[in-house]
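Visitor: Here you go, one structure.
The values are calculated or read from the model by the stated rules, or taken from the named source; none is laboratory data. Computed from a prediction, not measured in an experiment: that's the story for all the values here. Every residue, glycine as well, gets a Cβ built from its backbone with ideal geometry; the counts of neighbours run over all protein chains shown. The protein model used for the area step is the full one, side chains on, heavy atoms only, and it has no ligands, DNA or RNA in it. Shrake-Rupley method; radii C 1.70, N 1.55, O 1.52, S 1.80 Å.
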Amino acid sequence: MTIAERHKYILEKLNEAGIVHVADLSKELDVTVVTVRKDLKLLEDKGLLYRSHGSATLNSPYVNDRPVQEKKLERVEEKMKIAQAAIRLVVEDEAIIIGSGTTVVSFAQMLPKNQKLTVLTAAMNVTLALIDSPDVEIVQLGGVVRKSSSSVVGNYAEEMMRNFACSKLFLSVDGISLDFGLTTSHLMEAHLNAQMIKSVQKTIVLADSSKFGKKGFGKICNLDDIDVVITDSGIQEMYREKLEEMGIEVRVV
């Protein structure tokens with residue numbers, strides 16, 4: 001197989017799956033791992049893909065911090081369906097944590113107003129979504145206001161978080177990577193989210209399919225620290241299979 005034929009094969013696989021792995025390409029093309037890496041570098045130099053450890057993607061895996069007002073306009077229907085599915089996991093009278101992000105805000109807005117709950121959150125827009133629910137007791141974490149996400153972060157919030165034990169965490173993320181885990185674009189928010197995970201029995205991730213294969217600046221946790229992922233039907237089968245192999249429940253809406 002010529003170099004041009006290999007490159008054509010690699011790009012076709014990328015268009016189909018969104019990601020290719022060096023080891024798999026080496027077997028499929030019957031060439032060495034070194035040859036595959038050289039091919040991927042040439043294609044990256046042409047701007048046709050993005051390389052990472054042992055793999056390559058069609059689009060850049062890295063995400064930047066963006067205002068919540070901008071993100072809430074994206075994938076609105078998918079986020080609503082994910083939020084609706086998450087509501088079914090909430091049990092009367094339990095204490096839950098709701099993270100920050102547009103998907104979990106939709107989740108908070110959909111919580112039945114007559115359901116008795118204790119909700120702990122760092123997100124001010126989550127608090128506002130629940131403020132008129134008479135049977136929901138809200139615990140608002142304090143700290144440094146992160147305006148782009150309408151939430152608080154920092155040592156005060158983390159120290160306060162250590163004083164609570166809750167049943168479930170409903171968490172939004174900026175990226176879900178098979179090799180790097182869950183991430184967000186802000187380091188201090190990542191630290192707070194990690195503390196939230198330590199304070200619950202079950203972590204439920206609410207993430208639309210565009211978050212898979214992406215990486216934010218701050219790592220929250222490894223994939224084996226989470227229990228359930230709720231996402232939309234756009235998720236690639238490869239991600240679903242890998243998560244389920246790890247014992248993570250994947251709910252597709």
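Visitor: Among all residue pairs at least 6 apart or on different chains, which show Cβ distances below 8 Å where the first residue, located in the stretch 39-65, is more than 15 Å from His7 (Cβ to Cβ) and the second is open to solvent by less than 80 Å² (accessible area, probe 1.4 Å) and of a type in the set (D, E, K, R)?
Guide: Tyr50/Glu44; Pro61/Lys214; Pro61/Lys215; Tyr62/Lys214; Tyr62/Lys215; Val63/Asp174; Val63/Lys214; Val63/Lys215
Visitor: Among what's in the stretch 226-251 and is closer than 15 Å to Lys81 by Cβ and in contact with a helix residue (DSSP H, G or I) (Cβ under 7 Å, 6 or more places away or on another chain), pick the residue that is most open to solvent (accessible area, probe 1.4 Å).
Guide: Arg251
Visitor: A follow-up question, please. Suppose we keep only residues that are β-branched (Val, Ile, Thr) and part of a strand (DSSP E or B) within the stretch 131-149. Which one would you say is surrounded by the most Cβ atoms within 10 Å (Cβ to Cβ)?
Guide: Of everything passing the filter in the stretch 131-149, Val136 is surrounded by the most Cβ atoms within 10 Å (Cβ to Cβ).
Visitor: Quick one: how many residues across the stretch 70-89 are closer than 27 Å to Met160 by Cα and open to solvent by less than 10 Å² (accessible area, probe 1.4 Å)?
Guide: Residues flagged as closer than 27 Å to Met160 by Cα and open to solvent by less than 10 Å² (accessible area, probe 1.4 Å) within the stretch 70-89 amount to 2.
Visitor: Out of the residues in the stretch 150-184 that are charged (D, E, K, R), in contact (Cβ under 8 Å) with a residue 12 or more places away in the chain and not in a strand (DSSP E or B), which is most open to solvent (accessible area, probe 1.4 Å)?
Guide: Arg162
Visitor: Let me ask something else. Can you name the condition, by its number, that Val105 falls short on among (1) surrounded by 14 or more Cβ atoms within 10 Å (Cβ to Cβ); (2) assigned to a loop (DSSP other than H, G, I, E, B)?
Guide: With (1) surrounded by 14 or more Cβ atoms within 10 Å (Cβ to Cβ); (2) assigned to a loop (DSSP other than H, G, I, E, B) applied to Val105, the lone miss is (2).
Visitor: Have a look at Glu241, Glu249, Glu245 and point out the one that is touching a strand residue (DSSP E or B) at 6+ places or on another chain (Cβ under 6 Å), at negative phi and free of Cβ contacts under 8 Å to residues at least 24 places away in the same chain.
Guide: So the residue among Glu241, Glu249, Glu245 that is touching a strand residue (DSSP E or B) at 6+ places or on another chain (Cβ under 6 Å), at negative phi and free of Cβ contacts under 8 Å to residues at least 24 places away in the same chain is Glu249.
Visitor: Go through the residues of the stretch 205-222 one by one and say whether even a single one is in a helix (DSSP H, G or I), surrounded by 23 or more Cβ atoms within 10 Å (Cβ to Cβ) and of a type in the set (D, E, K, R).
Guide: Within the stretch 205-222 (the criterion being in a helix (DSSP H, G or I), surrounded by 23 or more Cβ atoms within 10 Å (Cβ to Cβ) and of a type in the set (D, E, K, R)), the answer is yes, since at least one residue qualifies.
Visitor: Considering only the stretch 74-87, state which residues are modelled with pLDDT under 95 and out of contact with any helix residue (DSSP H, G or I) (no Cβ under 9 Å at 6 or more places or on another chain).
Guide: Correct list: Glu77 only.
Visitor: Conditions: (1) assigned to a loop (DSSP other than H, G, I, E, B); (2) crowded, with 21+ Cβ neighbours inside 10 Å. Glu92 meets all but one. Number of the miss?
Guide: For Glu92, the exception is condition (2).
Visitor: So, of the residues in the stretch 223-238 that are in a helix (DSSP H, G or I) and touching a residue at least 12 places away in the same chain (Cβ under 8 Å), which turns out to be farthest from the chain's Cα centre (by Cα)?
Guide: My answer is Met238.
Visitor: For the stretch 185-204, enumerate the residues that are assigned to a strand (DSSP E or B) and in contact with a Ser or Thr (Cβ under 6 Å, 6 or more places away or on another chain).
Guide: Gln201
Visitor: I've got another one for you. Regarding Val119, is this residue surrounded by 19 or more Cβ atoms within 10 Å (Cβ to Cβ) and either closer than 30 Å to Thr203 by Cβ or touching a residue at least 40 places away in the same chain (Cβ under 8 Å) (or both)?
Guide: The answer is yes for Val119.
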